[in-house]
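Below: one structure, written as structure tokens.
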């Protein structure tokens, strides 16, 4: 997972915090990562958490760590609501997490459903979209 500093000036390199900056003990950050995340929490720095990273987090927490859906949704919602975390689709991702928690659909279908609208119709054979109240056309 990577958080990208969105405060860089033109021509300045972008600061990137990666898994290598994490202390191997659970919940521990390297000093660099800890300082960066404290600045993000205060809104001093901005970090983009892309939708694909949210999907990966859900997958790893669900399949590898076997964390219950309600805990996954709580943890990711809290991260997305950190002051300095940015995502152009933040409201859709949060809505998708709610759909994910309350259905048997996977997170990708929930994100697609949350982003659907009369202008963005989902065309699919998948029956989940109807249950997710997506704007869809069934094939």
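The values are calculated or read from the model by the stated rules, or taken from the named source; none is laboratory data. The shown structure was predicted, so the numbers you read here are calculated from the model rather than taken from an experiment. Ideal geometry is used to build each Cβ from the backbone, glycine not excepted, and the neighbour counts take in all protein chains shown.
Of note:
- From the list 103, 77, the one residue that fits, being modelled with pLDDT of 95 or more, farther than 30 Å from residue 41 by Cβ, touching a helix residue (DSSP H, G or I) at 6+ places or on another chain (Cβ under 7 Å) and surrounded by 14 or more Cβ atoms within 10 Å (Cβ to Cβ), is 103.
- Being under 30 Å from residue 39 (Cβ atoms) and more than 14 Å from the chain's Cα centre (by Cα) is a property that residue 83 has.
- Test: residue 59 is under 14 Å from the mean Cα position of the chain (by Cα), surrounded by fewer than 15 Cβ atoms within 10 Å (Cβ to Cβ) and modelled with pLDDT of 95 or more: yes
- Counting the residues of region 95-139 that are in contact with a strand residue (DSSP E or B) (Cβ under 8 Å, 6 or more places away or on another chain) and not in a strand (DSSP E or B) gives 11.
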